[in-house]
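Each value in this text was obtained by applying a stated rule to the coordinates, not by laboratory testing. This structure is a prediction, so every number in the text was calculated from the model and none was measured. All Cβ positions, glycine included, derive from the backbone under ideal geometry; neighbour counts span all protein chains shown.
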């Protein structure tokens, strides 16, 4: 084995999930002792590729070579044995137990004098394991408290435990999935120092990320994924944030809808003032000091890679009561304070003000998948006349309104009886939109409105959002699709790590400029 | 009656004796629930253990074969339970209820076939019963359970299977295998608890003789925060309440008023509700308790 | 657990298959005991339906099972597991008897109404506790309802033996009700103690059906059970819906007291219930949580309970415990989701 042999080599990997081609012809070479960044937007296929390398998925075609040898494995444990380890985005730790127990579980050793016992019953050599762990921790600078329950440790320390877990198993290739997503800037700094140390000791590191600034700070080499394919593969030294951003973003859908000029801006339908939210798990604040407004007759787009505080913002808008103890700042909606100090409005009251919501995750937050279209249409409208009459549901009223709505919003099949889970993604979304527009909202929240929706439906949904604006509603559009943001928004805010890092008016932003801000390129 | 030393000594003795079946059952429950599988079937597992122990002791004349048979019967029923909840991913509450019903039906059914009475088995001769051995054995098992849970690989796996099965799975240990083994071992130990009830505390099998002890063990498990030593202490406390209640029958305090034994009887259950609600201390269950595991 | 119907042939076929499988396995057990399964089946059928009296007894047992079946089925719709019907029905029956013993002079028809309300309220309170604990303190309703069953048993025993003891009886039971409390017996069934409480049970099933499928509150309950996140997003207060179903479920279980205390015994008898609360779990599961199914499953298990009662007398080796075994087997075969998924996959596979 020479230094020229790549530590990892992927040749023509393919992976398909149902109708979705998640990975297509993936080629990748990772030099030994380097830090290799895998970048791309959500759903670009980077995690799929890494999970194949780690043995969690089996490739449909193609080959995996580790240190020049062709390998294939049935489970992660075989990959671990071959020296490949992964730090998952959600840590694989058991909260009440200490670092030693968490690291050793599944790789226990015992002293020779217990040989006569079956392996599963030989007392674990905790002292020996601890000594070895302390040595590894010193060697790589991964200091930690070995005695405290891991749930009491900071997120950054928990991550070190995960890394140490891999080193304890003699991993030579470490895959880190979005390692900085939960870290504070200081913790990120420390992580980078540690990663450099690991490389200096001959380990190979793969980082899955979307933060371009961090890529520029730490990586030796960058591979860019887009729509399941590798679209770029370059040394970090010869590239720039701008170049990476344009590779990463690209164009996916050609949006023909040229929106009409924005009408007059009206009153503020949403006014968010210095809003902050403390994290429930420790670690950094998911939202920090947000201030913005949305006015009647305009669409405000929030651009950003997922996981930069958008979900928490939406939660706060809709469920202020559940968060009032952890939040600071105020939210006013349609002239009413919905979160101000100790006072917070109930969800039903907020929606009754005239708020329509297209939720981020329609399966989890928007639909009763096993129930018919009719009941899904009713959900959230069920307390209003004419659908509710003296505590009873007026099925006749629901039926006629729902029939009209699915006609108007082109939900197929035209059946009120079919279960919502049986509809295609586009038709599910149209059903939700039909329902939310039924209350003629004056403020509309549209979160990832066209995710997983076919092209025809995208067009239709965009038309509807524009029509709502034309009718005088204010729209808050949250999307990680830049095309969508650029095509629809009258103003664009970019969120990164819980803050608004850039603001643009219509026509000022380009995909590249947004991409740089979304990747933290403007942020220090 | 005065509360003299002899009485206290007697109370201590009977507390140790009546808490023995509870101790076995609570250890069985602990093993199962720490691995992430709810065990409301303890009652039924004890009951089949109690019956099998009497049947074997009557047949062979030895309490030791009785105990072995009790453990085996518990193991078989627990294997049915494990098949349902681990392999077929049935709801653990539902399947546990079914196991309890099955045990409540099967034991008198067999009793009738073997002894021509569905209500009770014949009495065991004295030398086919245990004198004191189960008490020792139960306490040795408590210590063994504690050290096994904390010092061996399999103990660690069980704890992880109940807390974060994904972590165990990514570390290369099969979660469902750990759970399978934990559930059937749990059944064997609960079966021993039943055996200690029928061939140690009493001298025959009677219909539904566990009379809620399986659920009381569950209460002790929660009250003991799913930890071996505190759970064993909870068994002693509940056993003491049981012994005191027998002792206090007919005893009058506060003038003419006698003490309603019912208030002592409900104490374990009341304490459990309060502990779960966080009114008295706080008991936290293993995080993945009750959730079937499947990858991805 | 998927209790909700999925549409198509499966919802109806699965319970039928489950009963068939349970019955077959149970009769096979009888066969092992040396009895002809056919003979046992005949005894079961004759004893359950053979005469107006037998039929009446079957209906008498079915009445509490419909109530407890509903008491389990309704919370299932909101994603809660009510193992506490036994305790709820105990306190319901006790409350009915206490009212009757303490206010014997109340005339008909106010007396049964009053007793019925007391039964409902006592059961509802016993359902409210685990509901509230679940929603506000986060402690699991399964454990709490189990514990509350024992607490209810202890309370009932204390009240019966200390406060309302029947001086004329050696048995652990309360004093007799006033004369105005008796409800109508259905005389077509001879001496069987089946009473108009049966109609109340059917009415309750119909009311639950209307509640679930026709009312706004019922819709909210079902939405919470189906997807609590989406329900919250739609402005539904999921905690309130959960407490509500537990209160209603407890009340329904409490109504068991009407048939037993007002329609049959005329007093509260300690231990009158042969685990109606637990058999209610089997009833609700077999019914897949539907009220109309609860009526059917309640009638089936009532007949089974009566049918197996004669096994003790008419066979050499088979006892009435066969019905418990049968019920357990039915629950096991209904509950193995994995098994059904597997069968379904086999069927749809090419």
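Quick one: if you take sqrt(5λ) for each eigenvalue of the C-alpha gyration tensor of the stretch A:313-440, what semi-axes come out, biggest first, whole angstrom?
Working: eigenvalues 171, 55, 27 Å².
Its equivalent ellipsoid spans semi-axes of 29, 17, 12 Å.
Show me, bin by bin at 20 Å from 0, the whole-percent P(r) of chain A based on Cα pairs.
20, 48, 28, 4, 0
For chain A, what's the relative contact order in percent, using C-alpha pairs closer than 8 Å and at least 6 residues apart? Before the final figure, lay out each step's value.
Details: 1040 pairs, mean separation 78.8, N = 524.
Reported as a whole number, the value is 15 percent.
What number, rounded to the nearest 500 deg cm²/dmol, is the helix-based mean residue ellipticity at 222 nm of chain A, given -39500 (n - 2.57) per DSSP H run of at least four residues and division by all its residues? Kindly include the intermediate steps, with their values, before the conclusion.
Working: 17 runs with 164 residues, N = 524.
Result for chain A: -9000 deg cm²/dmol, rounded to the nearest 500.
Helix A:455-470 against the longest principal axis of chain A: what's the angle in degrees, Cα atoms only, rounded to the nearest 10?
Taking Cα atoms only, the helix is inclined about 50 degrees.
If you take every DSSP beta bridge fully contained in the protein assembly as shown, what fraction is antiparallel? Give it as a percent rounded to 5. Show your work: numbers first, answer last.
Values: 55 of 91 bridges.
Given both bridge residues lie in the protein assembly as shown, the antiparallel proportion sits at roughly 60 percent.
Report the full-extension gain for the segment residue A:132 to residue A:279: residue separation times 0.36 nm, less the Cα-Cα distance, to one decimal in nm.
Details: separation 147, 0.36 × 147 = 52.92 nm, distance 3.41 nm.
Result for the pair: 49.5 nm of gain on full extension.
Mean residue ellipticity at 222 nm from the helices of chain C, using -39,500 (n - 2.57) per DSSP H segment of n ≥ 4 over the full residue count, to the nearest 500 deg cm²/dmol? Walk me through the numbers before you get to the answer.
Values: 15 runs with 233 residues, N = 350.
So the calculated ellipticity at 222 nm is -22000 deg cm²/dmol.
Per the Kirkwood definition applied to all pairs of different Cα atoms, how many angstroms is the hydrodynamic radius of the stretch C:34-179?
Values: mean 1/r = 0.0567 Å⁻¹.
That comes to 17.6 Å for the stretch C:34-179.
Averaged across the residues of B:138-151, what count of C-beta atoms belonging to other chains lies within 10 Å of each residue's C-beta?
Values: counts 0, 0, 0, 0, 0, 0, 0, 0, 0, 1, 3, 0, 4, 7.
Partner Cβ neighbours, averaged per residue: 1.
Rounded to a whole number of µm²/s, how large is the Stokes-Einstein D of the stretch B:150-231 at 10 °C and 1.306 mPa s, given Rh as the Kirkwood radius over C-alpha pairs? Kindly include the intermediate steps, with their values, before the conclusion.
Details: Rh = 14.8 Å.
Value of D from the Cα-based Kirkwood radius: 108 µm²/s.
Label residue C:110 and residue B:113 with points 7 Å out from Cα along Cα→Cβ: what is the distance between them in nm?
Label-label distance for residue C:110 and residue B:113, simple model: 5.9 nm.
Shape call for the stretch A:394-435 from the C-alpha gyration tensor, a ≥ b ≥ c root eigenvalues: rounded (a/c under 1.5), prolate (a/b greater than b/c) or oblate?
Details: a/c = 2.05, a/b = 1.54, b/c = 1.34.
In terms of gyration-tensor shape, prolate.
Any idea what the relative contact order of the stretch B:2-279 is, in percent, if you count C-alpha pairs under 8 Å spaced at least 6 apart? Don't skip to the end; give the middle numbers.
Values: 492 pairs, mean separation 96.7, N = 278.
Averaging sequence separation for qualifying contacts and normalising by length gives 35 percent for the stretch B:2-279.
What translational D, rounded to a whole number of µm²/s, comes out for the protein assembly as shown from Stokes-Einstein when the hydrodynamic radius is the Kirkwood one over Cα pairs, at 37 °C and 0.692 mPa s? Walk me through the numbers before you get to the answer.
Numbers: Rh = 33.1 Å.
Answer from the Stokes-Einstein relation: 99 µm²/s.
Under 19 Å from a point 7 Å along the Cα-to-Cβ line of residue C:49: which residues of the stretch C:300-330 have their amide N that close?
Hits in the stretch C:300-330 for residue C:49 at 19 Å: C:300-311, C:323, C:327.
Any idea what the relative contact order of the stretch C:66-303 is, in percent, if you count C-alpha pairs under 8 Å spaced at least 6 apart? Mind showing how you got there, number by number?
Details: 481 pairs, mean separation 98.3, N = 238.
Normalised by residue count, the contact order of the stretch C:66-303 is 41 percent.
Restricting to bridges with both residues inside the stretch A:334-477, how much of the DSSP beta-bridge set is antiparallel, in percent to the nearest 5?
Working: 5 of 13 bridges.
If I count the DSSP bridges inside the stretch A:334-477, around 40 percent turn out antiparallel.
On a 0 to 90 degree scale, rounded to 10, what angle separates helix B:63-82 from the longest Cα axis of chain B?
For helix B:63-82, the angle is close to 40 degrees.
How large is log10 of I(q)/I(0) for the stretch C:66-303 at q = 0.08 Å⁻¹ when the intensity is taken from the Debye formula with one equal scatterer per alpha-carbon?
Per q value, in the given order, log10 I(q)/I(0) is -0.29.
Order these peptides, C:146-159, A:142-155, by their mean beta-carbon neighbour count within 10 angstrom, highest first. Write out the running numbers ahead of the final one.
Working: C:146-159: 23.1, A:142-155: 16.1.
The densest-packed peptide leads the list: C:146-159, A:142-155.
Quick one: length gained pulling residue B:248 to residue B:6 fully straight, 0.36 nm per residue minus the C-alpha distance? The partial results should precede the final answer.
Working: separation 242, 0.36 × 242 = 87.12 nm, distance 1.54 nm.
Going from the current span to full extension adds 85.6 nm.
What percent antiparallel are the DSSP beta bridges of chain A, to the nearest 5? Walk me through the numbers before you get to the answer.
Working: 49 of 85 bridges.
About 60 percent, rounded to the nearest 5.
Based solely on its DSSP helices, what 222 nm [θ] is calculated for chain B when runs of n ≥ 4 H residues each add -39,500 (n - 2.57) and the sum is averaged over all residues, nearest 500 deg cm²/dmol?
Working: 11 runs with 199 residues, N = 296.
One gets -23000 deg cm²/dmol as the mean residue ellipticity at 222 nm.
Please find the FRET efficiency linking residue A:459 to residue A:343, where r is the Cβ-Cβ separation and R0 is fixed at 56 Å, and quote it to the nearest 0.05.
Working: r = 42 Å, r/R0 = 0.74.
It comes out at approximately 0.85.
Could you work out which residue, out of B:228, B:153, B:165, moves most in a Gaussian network model of chain B, that is, has the largest mean-square fluctuation with Cα springs under 10 Å?
Looking only at B:228, B:153, B:165, the biggest GNM fluctuation is shown by B:153.
Determine, at each q value in 0.16, 0.17, 0.19, 0.26 (inverse angstroms), the log₁₀ of I(q)/I(0) that the Debye formula gives when each Cα of the stretch A:114-182 is one equal point scatterer.
-0.67, -0.74, -0.87, -1.23
Which angle from 0 to 90°, rounded to the nearest 10, does the C-alpha axis of helix B:175-196 make with the longest principal axis of chain B?
10
Give me the distance in nm between label points sitting 7 Å out from Cα along the Cα-to-Cβ direction at residue C:210 and residue C:41, one decimal.
4.1
For residue A:116 and residue A:201 in one chain, what is 0.36 nm times their gap in residues minus the Cα-Cα distance, to one decimal in nm?
Details: separation 85, 0.36 × 85 = 30.60 nm, distance 3.77 nm.
Extending this stretch completely gives an extra 26.8 nm.
Sort the stretch B:1-146 into rounded, prolate or oblate with this rule: let a ≥ b ≥ c be the square roots of the eigenvalues of the Cα gyration tensor; rounded if a/c is under 1.5, and if a/c is not under 1.5, prolate when a/b is larger than b/c, oblate otherwise.
Oblate, since a/c reaches 1.5 and b/c is not below a/b.
Using a basic spin-label model with each label point 7 Å from the Cα along Cα→Cβ, how many nm lie between residue A:4 and residue C:12?
7.4
For the stretch B:2-279, just the Cα atoms, rotate onto the principal axes and tell me the three extents in Å, largest first.
Sorted largest first, the three principal extents are 64, 49, 31 Å.
Which percent of the Cα-Cα distances in the stretch B:1-51 go past 16 Å?
Looking at the stretch B:1-51, the distances longer than 16 Å represent 54 percent of pairs.
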